[in-house]
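All of the numbers you see were taken from the coordinates with simple rules; none came from a lab. Just so it is clear, the model here is predicted, and its values are computed rather than measured. Note: ideal-geometry Cβ built from the backbone for every residue, glycine included; neighbour counts use all protein chains shown.
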Amino acid sequence: MRIAILAARQGWHTEELCRALAERGHEGRVLPYEALVARLGGARPALSAAGEDLGGCAAVLARIIPAGSLEQVIFRVDALHALEERGIPVINSPRAIERTVDKLWTSALLERAGLPVPETVVCEHPDAALAAFRALGDVIVKPLFGSMGLGMVRVTTEEMAFRVFRTLETIRGVYYVQRAIDHAGCDVRAFVVGDRVVGAIERRAAGWRTNIARGGQARAITPSGPWVELALRAARAVGADYAGVDLLPAPDGTVYVVEVNGIPGWRGLQQATSSDVAAAIVEHSLARAAAR
């Protein structure tokens with residue numbers, strides 16, 4: 001089988017996926033999103049990238065979509081939708097990517113599935129955001145779109161809240177205000193592929209941000225059955241074939257689901273656990289392709 005890997009660039013993750021495919025006798029082609037071309041209405045409508053006919057691939061692995069204008073990003077996701085509608089397995093699906101890149105949508109789907117999420121207020125007006133801070137107290141203000149802990153601010157005083165919310169007002173931002181959960185600098189990232197957790201790590205940091213990209217330290221753990229079930233339910237709630245699910249234990253024993261990453265990296269997790277994450281993703285993708 002020939003599998004297309006759409007990515008922002010070649011790197012460690014795409015090399016791992018190509019390695020796992022080659023070990024199983026299949027070909028992986030890394031193609032840039034910027035090279036996508038859609039042809040419609042002619043004798044041979046097609047979607048291609050860098051001259052590669054994506055319609056002739058057994059599956060498409062969708063990795064990180066590069067930054068661009070609103071129209072460029074919409075076009076790239078539209079292309080994934082079009083491929084899926086033509087019967088090509090896209091992993092993760094564009095619908096899952098749309099759901100997980102948007103923190104509000106993710107949280108709403110998790111809550112609808114009955115999963116515990118921290119109390120959150122999302123609004124457009126700084127006065128509404130300030131009222132939310134007063135009601136919730138200690139909060140984390142997050143960008144609606146973003147990953148790796150970038151752009152997050154912990155707000156603990158009204159003066160700080162006023163400054164942060166007025167700054168966001170100048171860039172016409174949306175206020176995603178979430179109650180801070182006391183977690184003693186520790187959370188868990190569970191990596192889900194299909195119907196199983198292939199690896200999990202505990203992330204620790206001196207502050208409240210535990211992301212490995214922001215300096216957190218990881219160690220392998222074996223999550224309990226209830227934690228595994230939380231991670232699987234979270235991935236199912238957003239429709240992800242594979243996902244990084246962040247679980248946050250609170251002092252009262254509640255385990256919150258705080259994020260589901262639909263285009264997750266796994267380098268730190270693989271180094272800590274020695275799990276062959278790329279192999280798990282490839283095997284799942286090949287099974288999806290064979291079931292077409």
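So the values come out like this:
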| read-out | value |
| --- | --- |
| Nonlocal amide H pairs with CYS57, under 5 Å, H built at 1.01 Å | none |
| Sequence of CYS186, CYS123, CYS57 once ranked by neighbouring C-beta atoms within 10 Å, starting from the fewest | CYS186, CYS123, CYS57 |
| ASP127-MET160 pseudo-label distance in nm [points 7 Å out on the Cα-to-Cβ vector] | 2.6 nm |
| Local electrostatic count at ALA272 - Lys and Arg +1, Asp and Glu -1, tallied over other residues with Cβ under 12 Å | +4 |
| Stretchable slack from ALA35 to ASP138, in nm (0.36 nm times residue separation minus alpha-carbon distance) | 32.6 nm |
| The chain: equivalent-ellipsoid semi-axes (sqrt of 5 x gyration tensor eigenvalues, Cα, Å) | 35, 24, 16 |
| For the stretch 150-292: Kirkwood Rh in Å [reciprocal of mean 1/r, alpha carbons] | 16.7 Å |
| Neighbour cut-off at most 14 other Cβ (10 Å), DSSP loop, GluC sites (Glu not before Pro), the stretch 105-198 | GLU119, GLU124 |
| DSSP beta bridge pairing in the chain, given as percent antiparallel to the nearest 5 | 75 percent |
| Fewest-first sequence of LEU144, LEU54, LEU115 by Cβ atoms within 10 Å of each Cβ | LEU144, LEU115, LEU54 |
| Per-residue Cβ neighbour rank within 10 angstrom, fewest leading, ASP252, ASP78 | ASP252, ASP78 |
| Point-to-point label distance, ARG112-ASP182, nm (Cα→Cβ direction, 7 Å offset) | 3.4 nm |
| Over the stretch 120-179 - Rg/Rh using Cα atoms and the Kirkwood inverse-distance radius | 0.91 |
| Computed helical MRE - 222 nm, the chain, DSSP H runs ≥ 4 contributing -39500 (n - 2.57), nearest 500 | -11000 deg cm²/dmol |
| Descending semi-axes in whole angstrom, ellipsoid equivalent of the stretch 1-105, from the Cα gyration tensor | 20, 19, 13 |
| Per-residue ³J(HN,Hα) for the stretch 99-116, Karplus 6.51 cos²θ - 1.76 cosθ + 1.60, θ = phi - 60°, Hz, x for Gly and Pro | 5, 8, 6, 10, 4, 5, 4, 4, 4, 5, 5, 5, 5, 4, 7, x, 8, x |
| Per-pair calculated FRET efficiency, R0 = 35 Å: GLU169 and ILE74 via Cβ, rounded to 0.05 | 0.85 |
| For q = 0.31 Å⁻¹, Debye-computed log10 I/I(0) when each Cα of the stretch 65-108 counts as one equal scatterer | -1.08 |
